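Each remark here refers to the structure printed beneath this line.
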Amino acid sequence: MKTYAKDDLSIVLSAEAGQGLQTLEQLMTRVFKLSGYHVYSYSEFMSRIRGGNNSTQIRISARMISSCPRRIDIFVPLHTGAMERFHDRITPETIILGDPAFIERRYTDGGYPIVAVPIAGLAREIGGEIYMSVILLGLFSGLLGVELTLLENLVRQFFSRAGEERTRKNIEAARKGYASGMHLLKPGQVLPVIERSEAVKNDLLLNGIDAIGTGCLAGGCTFVSSYPMSPSTGVLVFLAKNASEFGLVVEQAEDEISAANMALGSWYAGGRAMVTTSGGGFALMVEALSLAGCIESPLVVHVAQRPGPATGLPTRTEQADLEHVLYSGHGEFPRLVLAPGSIEEGFTLSRHAFHMADKYQVPVIILTDQHYLESTCTVGGLDVSATSSESFIVETDAAYRRYLFTESGVSPRGIPGFGRGLVCVDSDEHDEAGFITEDSRTRTAMVEKRLQKLRGLEKECIEPTLTGGEDYRHLVVGWGSTAGVVREALSVLGRNDLSFLHFSQVYPLHPNAASLIGRAQKKIVIENNATSQFARLVRMHTGIAFDAAILKFDGWPFLLEEVVERLEALL
Amino acid sequence: MAERFDPDHPIDIAWCPGCGNYHILAALKSALAELGKDPESLVIVSGIGQAAKTPQYVRTNFFNGLHGRSLPVATAIKATNPGLTVIAESGDGCMYGEGGNHLLHAVRRNPDITVLVHNNMVYGLTKGQASPTSMRGFTTPVQVSGVCVEPMNPLAMAIGLSASFVARAFAGDIEQTREIMKQAITHKGFALVDIFQPCVSFNRVNTYQWYKEHCFYLDGSHDPADRDAAFRVASRTDSYALGVLSIVSGIPTFEECLDAYRGDTRPLHERRVSSGKIEKLMDDKRG
Ligand SMILES: Cc1ncc(C[n+]2csc(CCOP(=O)(O)OP(=O)(O)O)c2C)c(N)n1
Ligand code: SF4
């Protein structure tokens, strides 16, 4: 039987760009977590700096959650026109909370529960509409029983650098909001009772950007060169912020071609380098990717997907660059593609990316998307203490040859200036010492040597994760950022004949993929793209075809109910 | 002395007999030897082309990367291990055409590297098409009616961007070329040396004789610190100035500006991340 959890609250805040939605999201998720609630939030925004309409969905629950429901329990419009994009998600069960000025007439005829709070007016009393967000923070804190001192401390801490006057006014705003929040609901308007937990208070509150950034630091990253491009820039900003503390070289290159070539130069000289980009930028890096293949350089590339082709929907989400990262680059050379599905995986896989790139001297791609990066949730028990700065660099002797033939295909990697040897790398075909050759025997041996490294990568494949029973009749298969929503959909459906297989390493495919997928009677793939790219990959490598595909490519991530309904329709 | 940089394995040089590249190679090896450089702490980075094969013929570390992309690589090598001597060397097509944007930004960054451009005013390796420095009217199998665009002036461009060291040499004069290279390598900051290089196979206009007739050496009356004078000299096309045109001192190098080296001079390969720092970073995420 299908049952949606009742102890769960979904709030959508809808604002113009520039109204401080991001700050509000940060503060709200924080205050709820510190009061013992599990939280999850996702922001979507238009590709503009002012105006338009952006939204943040904040979910509060008694369990760990990581998906956006379609359902909206409380909708908060923060400007005229803020409701327009949400007509199909606002129902008579949705409480519309906010300044009457922002509530569309069609909702005020009595059919919808309305809680009118003159937020804009209150804010103006304090000093201007910029205080609306903190008033709302206070209001929701009051509504959900957050301790007032906790709220005040958070606001004080957050605005500590804004000056005494601003801090005082923000605290006033928080208090005003809090007071109105305490007595807000009319009789009959009830909120779900959500149990709190002591343990959550000490959880981490992380988004995908934090996860990838911290994972890269833990992987021993010492060099990052990139060119800004949504939605990948957050990772660059994260690393730049931590550059001094971690002794990192951060450079904004003149273009992605330069960024990728810089990263290769850095690895050559002993750095542990990465680039962060999106599909279009990655297209410009492709020649360098092939260079990494030829000179057998490690390289870590974070590709944050957004909908294409071309500029597409710059700030939205999609999973349509899988084939782009899999097949780009002229010539034949091995690579590894990782696609985290959770915050924990974002951390561990980014760390792992540096380890594998260095160990096998191959490019490693971390494939995420806007939905993954802009989702925040509470994370318990993430062990961040394990770092992976084990370096595979060797000290060279006078007879050193960079491309020494070995059984594994991996030659010991020296760097210039460390040892008595010389390190010679060439993008032309080369012999063991790195000198140009057109000798066909050497050419054949070099191709085989490079491809041999794929065997090593295959041995260290990360197994796909199975959610649900082992003896499933039906199997949903997904990769990357769909993990959270599919897992939750499965628990809503509550069927014991349905399981979910999630791939966080998409290439090379784990050897068990064939048997795990093959034994399901009905095989369903779920992907945030239009042509089931992952299904094609599975078929190519295993011969197994999927029976059905759940696809979405409108720029939005899958919503919980949507996955539930589409699965139901197929089973 | 220059033998220190002679390859210790048999090499089969891919250049045409009589090519100016031989002289540039000879000048480079003796410049390096006279400066007391050792092959182990030197890296030559190149792109693709005939000139870009130069590091293959020098006993040292090299990174022979992609066409046009030597400068980002060289910049990153220097930023990763500032103790290395880094030279980027390639043809005019590679540096001024395919890699032109990188050159602009490398000048702005001012890494402490030396850039040697073998300027033969033609694409050698791809058999004789026009390059960004080909003169008007130069005919090729592609520019069949002759080049009809203005040749690029890399030196005026670099001086315009306040490049810290700008010079020109002529491959036909090994001695002077070696001296100019020595100054460029010793100079702290970005040093560009455009080297006129006769291509005997594909450029029948700009020959050894032509360069001799169209070049003059700057004498003591030219002050490289005088940027306006340098710009005027660089702009001349009736006769081309050889020597050090411009030196702008006092610009910090790229490496010096990096936060990574503030209070920690270790090259990046000596650094290890501490788990304590990661844990501290995460503690801030607990609220
Ligand atoms: C991306 C790319 N485009 C084109 C080429 C083909 N290509 C190789 S060298 C070259 C130009 C060579 O001219 P130049 O850089 O002046 O060097 P030269 O051979 O004259 O020394 C070209 C177009 C290439 N290798 N890579
Ligand atoms: S083609 Fe021209 S530049 Fe190339 S080696 Fe021959 S003479 Fe020299």
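The values are calculated or read from the model by the stated rules, or taken from the named source; none is laboratory data. Here the structure is a predicted model, which is why all the values come from computation and not from measurement. Methodologically, a virtual Cβ is constructed for each residue, glycine included, from the backbone with ideal geometry; neighbour enumeration extends over all protein chains shown. Protein only, heavy atoms only, side chains kept; ligands, DNA and RNA dropped before computing areas. Shrake-Rupley method; radii C 1.70, N 1.55, O 1.52, S 1.80 Å.
What the table below lists for this structure:
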read-out	value
For chain A, cysteines whose Cβ has no other cysteine Cβ within reach (under 4.7 Å)	A:CYS68, A:CYS294, A:CYS377, A:CYS424, A:CYS461
Peptide-level mean, for A:249-257, of C-beta atoms on other protein chains within 10 Å	5
Hz values of 3J(HN,Hα) by residue in the stretch A:551-568 - Karplus curve (6.51, -1.76, 1.60), Gly and Pro given as x	10, 7, 8, 9, x, 9, x, 5, 9, 3, 4, 4, 5, 4, 5, 6, 5, 4
Burial of 40 Å² or greater, the stretch B:37-57 residues [accessible area, probe 1.4 Å, versus chain by itself]	B:GLU40, B:GLN56
Cα gyration tensor shape for the stretch A:306-407, rounded if a/c is under 1.5, else prolate or oblate	oblate
Square roots of five times the Cα gyration tensor eigenvalues for the stretch A:206-379, Å	21, 19, 15
Whole-Hz ³J(HN,Hα) from phi, Karplus 6.51 cos²θ - 1.76 cosθ + 1.60, for the stretch B:29-34, glycine and proline x	4, 6, 4, 4, 5, 5
Accessible area per residue in Å² at 1.4 Å probe, computed on chain B	38 Å²
Mean residue ellipticity (222 nm) of the protein assembly as shown, computed from DSSP H runs ≥ 4 via -39,500 (n - 2.57), nearest 500	-10000 deg cm²/dmol
Accessible surface buried upon A-B contact (total; probe 1.4 Å; Å², nearest 100)	4900 Å²
Charge dipole magnitude, Cβ of K and R +1, D and E -1 - the stretch A:8-200, Cα centre, debye nearest 20	240 debye
Cα centroid of the stretch A:421-468 to Cα centroid of the stretch B:212-231, whole Å	50 Å
Per-residue average of Cβ from other chains inside 10 Å of B:259-272	6
Accessible-area composition of the protein assembly as shown, carbon plus sulfur, in percent [1.4 Å probe]	52 percent
Listed residue pairs exceeding 27 Å between alpha carbons, taken from B:LYS37/B:LYS188; B:LYS182/B:LYS212; A:LYS33/B:LYS280; B:LYS29/B:LYS78; A:LYS449/A:LYS523; A:LYS359/A:LYS552	A:LYS449/A:LYS523; A:LYS359/A:LYS552
Spatially proximal lysines relative to B:LYS277 (Cα-Cα < 21 Å; intrachain offsets below 8 disregarded)	A:LYS241, B:LYS285
Interchain or long-range residues, amide H under 5 Å from B:VAL115's placed H	B:ALA88, B:ALA191, B:LEU192, B:VAL193
For chain B, built as a Gaussian network whose Cα springs stay under 10 Å, the top-fluctuating residue of B:ALA79, B:ALA184, B:ALA225	B:ALA225
Peptide B:4-17, shielding by other chains (average Cβ, 10 Å cutoff)	1
Under-5 Å amide H pairs with B:SER46, H placed in peptide plane, nonlocal only	B:PHE63, B:ASN64, B:GLY65, B:GLU89
Anchor A:LYS176: aspartates and glutamates whose Cα lies under 20 Å away (excluding residues fewer than 8 positions away in-chain)	A:GLU25, A:ASP99, A:GLU125, A:GLU129, A:GLU147, A:GLU152, A:GLU164, A:GLU165
Candidates per GluC sites (Glu not before Pro) in the stretch A:155-229, loop by DSSP, up to 15 other Cβ within 10 Å	A:GLU195
Summed residue charge, Cβ within 9 Å of A:ILE295's Cβ, Lys/Arg positive, Asp/Glu negative	-1
Degrees between helix A:279-295 axis and first principal axis of chain A (Cα, 0 to 90, nearest 10)	30 degrees
Between 0 and 90°, nearest 10: helix A:343-360 axis offset from chain A longest Cα axis	10 degrees
Largest to smallest principal axis extent of the C-alpha atoms in the stretch B:2-255, angstrom	49, 47, 31
In degrees, nearest ten, helix A:148-158 long axis to first principal axis of chain A (Cα)	50 degrees
Charge dipole magnitude, Cβ of K and R +1, D and E -1 - chain A, Cα centre, debye nearest 20	980 debye
Neighbourhood charge, 12 Å Cβ-Cβ cut-off, centred on A:SER328 and excluding it, Lys, Arg +1 and Asp, Glu -1	-2
Cα gyration tensor shape of the protein assembly as shown, rounded if a/c is under 1.5, else prolate or oblate by comparing a/b with b/c	prolate
Per DSSP, loop trypsin sites (Lys or Arg not before Pro) in the stretch A:476-568 with at most 15 further Cβ within 10 Å	A:ARG519
Listed residues B:LYS212, A:LYS33 arranged by accessible area, highest first, probe 1.4 Å	B:LYS212, A:LYS33
Accessible-area value, A:TYR131, 1.4 Å probe, nucleic acids and ligands omitted, Å²	10 Å²
Probe 1.4 Å, all protein chains present, accessible-area order of B:SER221, A:SER35, largest first	B:SER221, A:SER35
Cα gyration tensor shape for the stretch A:133-186, rounded if a/c is under 1.5, else prolate or oblate	prolate
GluC sites (Glu not before Pro) restricted to the stretch A:22-123 and DSSP loop, no more than 11 other C-beta within 10 Å	A:GLU93
Under 12 Å, Cβ to Cβ, from A:LEU284 - net charge with Lys/Arg +1 and Asp/Glu -1	-3
³J(HN,Hα), Karplus 6.51/-1.76/1.60, whole Hz, each residue of the stretch B:241-255, x for Gly, Pro	7, 10, x, 8, 7, 8, 9, 10, 9, x, 7, x, 7, 4, 4
Among B:GLY47, B:GLY243, B:GLY83: highest mean-square fluctuation, GNM of chain B, C-alpha pairs under 10 Å	B:GLY83
Sequence-distant residues sharing a close amide H with A:ASN54 (under 5 Å, placed H)	A:ALA15, A:GLU16, A:ALA17
